[in-house]
Amino acid sequence: MNYLNLEEFEKKLGYHFKDKNLLLLALTHSSYANETKKGSHENNERLEFLGDAVLDMVVSEYIYRKFPEMPEGEMTKLRAAVVCEGSLAQLSRKLGVGRNLFLGKGEESTGGRTRDSILADAFEAIIGAVCIDGGIDAATQYVMRFMQEQIAKTKPGFHNLDCKTHLQEVVQKISKVPLQYMIVDEKGPDHNKVFLAEVIHEGKVLGQGSGRSKKEAEQNAAHAALMQMES
């Protein structure tokens, strides 16, 4: 059941919409739109698309300015940790987004209100709605209300990020097909082997990496894939 009280929810968000319909759209999951015979565009997917781009841009600029000595590869890994699905879902829970979503009956019955993917998408959709309603400056201010603290908490340990996990989170935003890792070559004597790994999605090689162990090679392949996605 949806419990939405617009005024109360806007207070939690820290942003008051001029066009309330934008907020309602940001909270409308495709399952609800389908069940109520709405148009294919009358759900939060387009706003989520915009919000995802705005979020990446705002966080990227902040990291660039805040850490002037940080190399590009490390900036990418820090951003990936901050805007990952789990992090965004956690922020959604703090705001009470789940209880205010418009969900179809099937999605409701299978725990959609607590599912990380749905919560993360809704968080990004709200960013998109703020951008349309108030412009990029309003969206930047809204994003940094949450992300400045997230970045400060994440930075001390981001060097140890698991690239395979973060690549999976990135891919899961667009596809339910799992990633595959394959060792495609190995060179050198038994005591000093070098392995070459590929990470594959739907038959396409996303990245290659080498390492002294199969695990290291797979991590480097995932890292290469992440770098390729940024180029």
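Observations
- Scanning the range 165-181 for residues that are surrounded by 14 or more Cβ atoms within 10 Å (Cβ to Cβ) and touching a residue at least 12 places away in the same chain (Cβ under 8 Å) returns His166, Leu167, Glu169, Val170, Val171, Gln172, Lys173, Leu179, Tyr181.
- Scanning the range 114-129 for residues that are buried (at least 20 other Cβ atoms within 10 Å of the Cβ) and of a type in the set (D, E, K, R) yields Asp121, Glu124.
- Annotation: of all residues in the range 149-170 being hydrophobic (A, V, I, L, M, F, W, C) and in contact with a helix residue (DSSP H, G or I) (Cβ under 9 Å, 6 or more places away or on another chain), the one that is modelled with the highest pLDDT is Ile151.
- Qualifying positions in the range 50-98 - in a helix (DSSP H, G or I), under 18 Å from Leu13 (Cβ atoms) and over 14 Å from the mean Cα position of the chain (by Cα): Arg93, Lys94, Leu95, Gly98
- Filtering the range 182-217 to residues that are farther than 30 Å from Ala120 by Cα, surrounded by fewer than 19 Cβ atoms within 10 Å (Cβ to Cβ) and small (Gly, Ala, Ser) leaves Gly188, Ser210, Gly211, Ser213.
- Of residues in the range 40-49 being outside any helix (DSSP H, G or I) and under 17 Å from Ile126 (Cβ atoms), the one modelled with the lowest pLDDT: Glu42
- For the range 1-31, filtering for residues that are modelled with pLDDT under 90, in a helix (DSSP H, G or I) and surrounded by 11 or more Cβ atoms within 10 Å (Cβ to Cβ) leaves 1.
- Among the residues of the range 109-135, the ones that are out of contact with any Cys (no Cβ under 9 Å at 6 or more places or on another chain) and without any contact (Cβ under 8 Å) to a residue 60 or more places away in the chain come to 10 in all.
- Where Gly104 falls short, out of the listed (1) of a type outside the set (D, E, K, R); (2) modelled with pLDDT of 90 or more; (3) closer than 24 Å to Leu226 by Cα: (3)
- Subset of the range 62-97 that is acidic (Asp, Glu) and over 19 Å from Phe123 (Cβ atoms) - its residue that is surrounded by the most Cβ atoms within 10 Å (Cβ to Cβ): Glu74
The values are calculated or read from the model by the stated rules, or taken from the named source; none is laboratory data. For clarity, every value in this text was computed on a predicted model and none was experimentally measured. Ideal geometry is used to build each Cβ from the backbone, glycine not excepted, and the neighbour counts take in all protein chains shown.
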